[in-house]
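In what follows, a structure is listed as C-alpha cells, so that the remarks can point back to it.
Laboratory data are not the source of any read-out in this text; all were calculated from the coordinates shown. These numbers were taken from a predicted model, which means no experiment stands behind them. Note that we place each Cβ from the backbone using ideal geometry, even for glycine, and neighbour counts take in every protein chain shown.
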Amino acid sequence: MLTKYYDQTMPEVEQELKTSLKTGLSKQEAKRRLEEYGPNSLAAKKKRSLFMKFIDQFKDFMIIVLIVAAILSGVVAQEWTDAAIIMIVVLINAILGVVQEAKSEAAIDALKEMSTPVAHVRRDGEVLQVPSTEIVPGDVVLLEAGDVVPADMRLGLAASLKIEESALTGESVPVEKSTDIPEGDDIALGDRVNMAYSNTNVTYGRGEGIVTATGMNTEVGKIATMLNEADETDTPLKQNLNQLGKTLTIMILAICVIVFIVGIFTKQGSEPMNKLMIDMFLVAVSLAVAAIPEGLPAIVTIILALGTQTMAKHKAIVRKLPAVETLGATDIICSDKTGTLTQNRMTVEKIYYDATVHSDNEEINQDNPALLSMILANDTKIENGGNLLGDPTETALIQYAFDKKVDVQKLLSQDTRLQEVPFDSERKLMSTVNKYQDGKFFVAVKGAPDELLKRVTSIEINGQISPITQEQREEILATNQDLAENALRVLGLAYKVIDKLYDEPATDNVEQDLIFAGLVGMIDPERPEAKAAVLEAKNAGIRTIMITGDHQVTAAAIASRLGILNPGDNDGVLTGAELDKLSDDYFIKHVADYSVYARVSPEHKVRIVKAWQANEKIVAMTGDGVNDAPSLKQADIGIGMGITGTEVSKGAADMVLADDNFATIVEAIKQGRKVFANIQKAILYLMSCNVGEVLTVFMMTMLGWDILAPVQLLWINLVTDTLPAIALGVEPVEDGIMKKKPRGRNSNFFSGGVAGSIIYQGILEGLLVLIAYQFGLHVGPHVGNDALQHGDALTMSFLTLGLIQLFHAINSKFIHKSIFSNKTFTNKWFNKAIIVSAVIMAAVELPFLTKLFNVTELNLSQWLVVLVAGCLMIIIVEVVKFFQRRMNR
C-alpha cells in the first residue's frame, strides 16, 4: 500500500524518506537515488512505426473481404481491371487512414513538454539550481510565485502559498496551502492542502517541501500511465462496417454455393463434368465480385472527410475520421465543468451592503466602503491595456470595479498603499493601510466572513455607522450561508479610518475595531450558451453529466443553473469519496441515478465513462485539463478544448473545439447524425443496386438467357457506384433530426427498415431489368431476327440496369419520407452527379462505342421501355414508403 504522506507529520515524513527539511539530502545520496529511481520524467508509450500503422489499416474485416475479392476476380475470373480498381480503392483508404491518425499518440509528448526545466533544491544545507529531471524522492524543493511544481511534495513551509491545480483537479480557484494535516479518511486530491503536485502552478506566496514522488509515480505520472493503458474502443462506425463486411461475406458465400450447385444440376450432361464445374465456379466468383460494393470504403471515407470540413466551419476540428459519425450516436456527454460549462474565470455576482443583497448589474456609489475595500485590499497588477494579473478572486474584484466605471488606476495612485498585513492562511485575512482624505488613512480589510466578524465592532448602513448588534451578526452569517449554497465564493469586507500610521503594522492593531462594509459573492459563471445547449441535447435524448473537482455544494448549484439537475436535487450528486465506496457492479447498475460528480480524481472519470459504456451507451467526454486525458481516450469520443485545453487533452481527444463552446458540441452531434444518415443512404443505394445486379445475372444464368458481359457490369459499377453515392453523402440535414433519440450502440446501418428496403428494392430492380429484357425480345426493328433480337434485349437490360440505378438514387435521398417535396433537389451536387452519370451511361450508344461495350443502337420505342422501367422504380418505391409510413403511424 502506498504511503499517504498527507496523513503524516513532518518528522514522520523525514524519517520515512530519510531526509531533513533543514539540510536536504547530501549530493552523494541524491546521485545514488537518481540511479535507483530514475529521472524525474514521464515514460512514453512505445510508438508504432508508420509501416505498422499502414498495416493496421488492412485488419478491417471489410478490407479483407475486398482483398480476397480482388484476388479471386483477377486470378480465377481473369477480370484484372476489376481487381486493379478494388486494390486501388483499398490502398487509397489505407493512406487516408494513416494520414488522419498520424498525431493520435501526441498526448504523452505533450505531458513531457510540461515539465519544469530547473528547480531550486536544498542539498547539504545549501540552495542549488538543478534540472527538474534530476530531482529525487527526499529532495527539499523551494517554491515561489510563478514556479511550476516539479514533483509531488509534502509541504513543510507554506507562507501565504496558493497553488493553481485546475489542470489536475478541475477546481478553478487556487488552493490555499498549509502544513496542517487534513482531517478525515480518504481525502480527495483537491483537499490535501499540505501537498503540492507535479505540473501545478504557484500563484502566490512561497513554500518548501520534501519530494515524495517523481516521474511516473507522481499524480500526473499516474495519469500518463492510465493514458498508455486506456482501452482503444472501436467506434460505432468501425463496428458497423465490420458487421456489414460479415453480412456481405455470408451473402457472397451463399450466392457462390447456390449458383454452383444449381448450375451443376440444371446443365448436367451439356458438357464434361470437369469443364462444367470450372465454368460454374467462374460464374459463381463473377457474381460474388459483382455483389461487393468495392467503392463503399472509399465513399464512406469521402463522406466522413466532407463531414470534417463542415464541422471545421462550425469550430469543431476532427482529428480522427470515424469520430464524425460517432458523434451522431452519442447518448451521454460527460463534461468537465471548469472552462467547458463555465467560463473558467471568477466573476462578482452578488454584493451585500446596507443590509441588502445587490446583483452585479446594479449601480453602486463609487465612495461605497465595500467597493473601496475590494479595490485597495488587492494585489492585482494592471498591465497596459487593462489586462489583469494575479489571483482570480482578486482580479474579479478589480474587473467589477472596471465594469462600474471606476478609474481604478487613478484611485490607487491617490490612495497609495503605505502599510500592509499580507494574507495568511491561518487568519484568512488581508489588510492594507492607504493614504486617504484630510491627512487620514483608510484601512481596507477583506477575507473569510466568519474570521472578519470576530474583529468587527461597528457596521455602516446607508452612510450611518453604529455599533454592530448580535442580530446583525447573525443576519450577515445567514446571508453568507445563502450565498455559499448558491455556489458563490464569499469574501467579507471591512474598513476603518485612522489618524496616523502604525509603528509596526500587525493583525493585533490593524485588524481590530473594524467597521463592517459588506460581503461580495463570486462565481465561475456558466457559459451563456451552455444552458441552451444542455436543453437542446436533452431534447435530442442526450444526457449531460457534469464532472468537476469543485465541492459538492458548488457543483450542485452550477448544475441546477444549467438545467443538468433540478433545483434542490442533491441526490443526483455523488462525490469522489462516495464513489470509492461503491462496488463496480452496484455503480454500473445505478450510474443513471447521478448527473453530477464532485471532488473527483482522474481514476473516477475513467470509471464513470466505463460504467456508462457497460450500459451500452455511447459516451462523449469533454475536457481541457491534464486530468481529463485518460477519460478522453477511454470515451467513445473524446472532445478537447482548443483555447483553454492543455496539449495533453488535445492529443488524447478525437475532436477539438476551436471555440471551447459547449454549444459547438451539440452542433457537431447534429452534423454527426447527418453523416450517419447520409452513409446509411449511400449503403441503401449501393447495396440495393448490387442486389439488383446479382439477381439479374443470377436469374439470367438460371434461365439460360444471355448474360451481361463483365465489361458491362464493370461499366455500370463505375458509373453508378461513384458520383451518385458520394453526392448522397453531402445531403443537407433533414428536418427534425435533433428531435430523435440517439440510435444506440446496438444499431447499425441496416437498422430502421434499411435491411428490408435493400432486399425489396434490389429485387424490384432485378425484376424490372428482366422485364425489360423480355420486352427487348418483342419490340424494336429486329423482331424476327433471332440474333439481333437477343442483342437488342441484352442492350436494353444493360441500359435499364444502369439507368434504373440513377432513378433509384433519387429514391435513396429519403429512406422513409416521400421524394415529392420542395427539398428533394436542393442538393446541387446530387443534381449534377445524376445528370453527368446519366450522360456517361447513355454514351455507350454512340456509334464508335457500341462495339467496345457489345451493344446495339436502340430506337425510340426501345428507349421508352428503358425510361418507363426507371420511372416505375420511383413510383413503386414511393407507394411502398407510403404504406410504411401509414403502418408506423
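Could you give the size of the charge dipole of the stretch 642-735 about its Cα centre, using +1 on the Cβ of each K and R and -1 on the Cβ of each D and E, expressed in debye and rounded to the nearest 20?
140 debye
Which net charge results when you count Lys and Arg as +1 and Asp and Glu as -1 among the other residues whose beta-carbon is under 15 Å from that of E857?
-1
Within 10 Å, count the other beta carbons around each residue, average over each peptide in 122-135, 300-313, and list them highest first.
Result, highest mean first: 300-313, 122-135.
Using Cβ contacts closer than 10 Å as the measure, can you line up S797, S458 from fewest to most?
Going from least to most buried by this count: S458, S797.
By average Cβ neighbour count within 10 Å, what is the ranking of 847-853, 495-501 from highest down?
Descending mean neighbour count gives 495-501, 847-853.
Give me C689, C334, C871 ranked fewest to most by other Cβ atoms within 10 Å of their Cβ, as a rough exposure proxy.
By the 10 Å Cβ count, ascending: C871, C334, C689.
Order 405-413, 695-703 from most to least packed using the mean count of other Cβ atoms within 10 Å.
Ranked from most to least packed, the peptides come out as 695-703, 405-413.
Starting from the exponent 0.38 and prefactor 2.2 Å, build the expected Rg for the stretch 347-523 from its residue count and divide its actual Cα Rg by it.
The value comes to 0.96.
Among L371, L477, F442, whose Cα lies farthest out toward the positive end of the dipole of the stretch 347-523, if unit charges sit on the beta carbon of Lys, Arg (+1) and Asp, Glu (-1)?
The Cα lying farthest towards the positive end belongs to F442.
Please order F441, F825 by the number of other Cβ within 10 Å, starting at the fewest.
With the fewest neighbours first, F441, F825 line up as F825, F441.
Taking the Cα centre as origin and putting +1 on Lys and Arg beta-carbons and -1 on Asp and Glu beta-carbons, what dipole magnitude results for the stretch 347-523, to the nearest 20 debye?
In total the dipole reaches around 340 debye.
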